[in-house]
Every structure is written in structure tokens, then in C-alpha cells.
Amino acid sequence: MEKYNLFAAWMGVLFGLLSGLVMGLWFHKDTWLGGYDSWPRRLLRLGHISFFGIAFLNIDFVGTVAYLHVNQDAIFVPSILFIVAQIAMPTVCLLAALKKQLRHLFAVPVVSVIAATALFLFALQGVLR
């Protein structure tokens, strides 16, 4: 299962690099998207960095599973939730940048990554005993 997390992580790195490239074409303009402190610009920057941040969580997840030989059944749900977070966080950032009312959708990636982490820690208790 964790091979999908690894794939999602590297896709996140790629999209993080590409989004940085695209934003880098205009970041020098002080008024781009309403200026540095504007809502759309802040949310696009957050989405850009979230590609990398969630990718690193997925890579750490895969590395920990491999190193500790965690039972596959115990990591099924956390694996899915980390992938959901990888996709949902930058997507919600983009949507919220376009329409501020959609900021409430942040509950999806935030709850996903919190639940994934908590469930993974619970699964690790059996391995660390």
C-alpha cells in the first residue's frame, strides 16, 4: 500500500516545483494577485509549500513503515488518509484562493493528516513494544 504514498509524495514534489516555477514568473510584481499580503497570493503560496510538506509526511510514513516492518493491515487507513491530504491540501488552497468562502474545506485535509498521524502512531504502539 505504501508504494502509493511514495508515488503521491513524488507527485507532490513535482507539482510543488512546477507551481513554484509558475508563481516565480510573476512574484517580482508587487501588485501581482493584489500584493504580497493579499488573500489569493497567500493561499497560493500555502498551496505551493503544502505540496512539499505533505510529500515529506508521506515519505516519512513510507520510511517508517519499511524500517519498523509495520503490519500492512495496521497502516491501510493512515496510508489512504495521507494520500487524501496530499491531494486535498493544495487543492483546497487553490479553491480558497479563488473563492474565500471555500476556506471551510480546509477541514478535509487537516482532519485527514491529523487522523492519519494519530492512527499511524496507534499502529506503531504494537511495533514498539
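Pairs linking a residue in region 26-37 that is more than 16 Å from Ala97 (Cα to Cα) and free of Cβ contacts under 8 Å to residues at least 24 places away in the same chain to a residue that is of a type outside the set (Phe, Trp, Tyr) and part of a loop (DSSP other than H, G, I, E, B), with Cβ atoms under 8 Å and 6 or more positions apart or on different chains, do not occur.
For the structure I just gave you, tell me whether Leu6 is assigned to a helix (DSSP H, G or I) and surrounded by fewer than 18 Cβ atoms within 10 Å (Cβ to Cβ). Yes: the conditions hold for Leu6. The single condition from (1) assigned to a helix (DSSP H, G or I); (2) surrounded by fewer than 18 Cβ atoms within 10 Å (Cβ to Cβ) that Phe27 fails is (1).
For region 104-121: of the residues being free of Cβ contacts under 8 Å to residues at least 24 places away in the same chain and farther than 17 Å from Ala55 by Cα, which is farthest from the chain's Cα centre (by Cα)? This residue is Leu121. Tell me, please, whether a residue that is touching a helix residue (DSSP H, G or I) at 6+ places or on another chain (Cβ under 6 Å), closer than 27 Å to Arg103 by Cβ, among the β-branched types (Val, Ile, Thr) and at pLDDT 95 or above can be found in region 56-64. Taking every residue of region 56-64 in turn, none turns out to be touching a helix residue (DSSP H, G or I) at 6+ places or on another chain (Cβ under 6 Å), closer than 27 Å to Arg103 by Cβ, among the β-branched types (Val, Ile, Thr) and at pLDDT 95 or above.
Residues are listed down the side, and each one gets a yes or a no for (1) at pLDDT 95 or above; (2) surrounded by fewer than 18 Cβ atoms within 10 Å (Cβ to Cβ); (3) farther than 18 Å from Tyr4 by Cβ; (4) touching a Lys or Arg at 6+ places or on another chain (Cβ under 8 Å):
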residue	(1), (2), (3), (4)
Leu14	yes, yes, no, no
Met23	no, yes, yes, yes
Ile80	yes, yes, no, no
Val84	yes, no, no, no
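Residues that are under 17 Å from Thr117 (Cα atoms), β-branched (Val, Ile, Thr) and either more than 17 Å from the chain's Cα centre (by Cα) or assigned to a helix (DSSP H, G or I) (or both) do occur in region 86-100.
Would region 68-86 turn up any residue that is in contact with a Gly (Cβ under 9 Å, 6 or more places away or on another chain) and within 30 Å of Arg41 (Cβ to Cβ)? Yes. Taken over region 57-80, residues that are farther than 13 Å from Ala115 by Cα and among the hydroxyl-bearing types (Ser, Thr, Tyr) amount to 2.
Determine whether region 44-58 contains at least one residue that is free of Cβ contacts under 8 Å to residues at least 40 places away in the same chain, among the basic types (Lys, Arg) and not in a helix (DSSP H, G or I). Checking region 44-58: not a single residue is free of Cβ contacts under 8 Å to residues at least 40 places away in the same chain, among the basic types (Lys, Arg) and not in a helix (DSSP H, G or I).
The values are calculated or read from the model by the stated rules, or taken from the named source; none is laboratory data. Computed from a prediction, not measured in an experiment: that's the story for all the values here. Using ideal geometry, Cβ is built from the backbone for each residue, glycine included, and neighbour counts are taken over all protein chains shown.
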